[in-house]
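Inspection log for the structure reproduced underneath, given as structure tokens.
The values are calculated or read from the model by the stated rules, or taken from the named source; none is laboratory data. Computed from a prediction, not measured in an experiment: that's the story for all the values here. Ligands, DNA and RNA are excluded from the accessible area calculation, which covers all protein heavy atoms including side chains. Shrake-Rupley method; radii C 1.70, N 1.55, O 1.52, S 1.80 Å.
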Amino acid sequence: MKTLKDARVGSTVTVAKLHGEGPVKRRIMDMGITKGVEIQVRKVAPLGDPMELNIRGYELSVRKADAEMVEIQ
């Protein structure tokens, strides 16, 4: 299983499945990360946390802990 945390800078990936439960999963979905959406990984901070993503036409910063809950293709 490959997660968003494993995606390389500059790559474009597609969300396959969301893991997690309750409010955590809901918060990820509220950010626009849903099944089938394409995400471009723009940057990763020098210490590895957070990641900057380009999704649905806007930029989003996500912690690695949240990125681990997003399974990608």
Sequence-distant residues sharing a close amide H with S61 (under 5 Å, placed H): L53
Evaluated at 25 °C with a viscosity of 0.890 mPa s, what Stokes-Einstein diffusion coefficient in µm²/s does the chain have when Rh comes from the Kirkwood expression over alpha-carbon pairs? 206
Apply the Karplus parameterisation 6.51 cos²θ - 1.76 cosθ + 1.60, with θ equal to phi minus 60°, to every residue of the stretch 40-47 and state each ³J(HN,Hα) to the nearest whole Hz, in sequence, with x for glycine and proline. 9, 8, 8, 8, 10, 4, x, 8
Once phi for every residue in the stretch 6-23 is put through the Karplus expression 6.51 cos²θ - 1.76 cosθ + 1.60 (θ = phi - 60°), the whole-Hz ³J(HN,Hα) values, with Gly and Pro written as x, are 7, 5, 8, 4, x, 8, 10, 10, 10, 6, 9, 7, 10, 9, x, 9, x, x
Amide H neighbours of V44 under 5 Å, at least 5 residues apart or on other chains, H built in the peptide plane: list them. E52
I'd like the carbon and sulfur percentage of the solvent accessible area for the chain, probe radius 1.4 Å, heavy atoms only, ligands and nucleic acids excluded. 49
Calculate one ³J(HN,Hα) per residue across the stretch 57-73 by plugging θ = phi - 60° into the Karplus curve 6.51 cos²θ - 1.76 cosθ + 1.60, and present them in order as whole Hz with x for glycine and proline. x, 9, 9, 9, 9, 10, 6, 4, 4, 6, 5, 5, 8, 10, 7, 10, 9
Can you give me the accessible area per residue for the chain, using a 1.4 Å probe, in Å²? 62
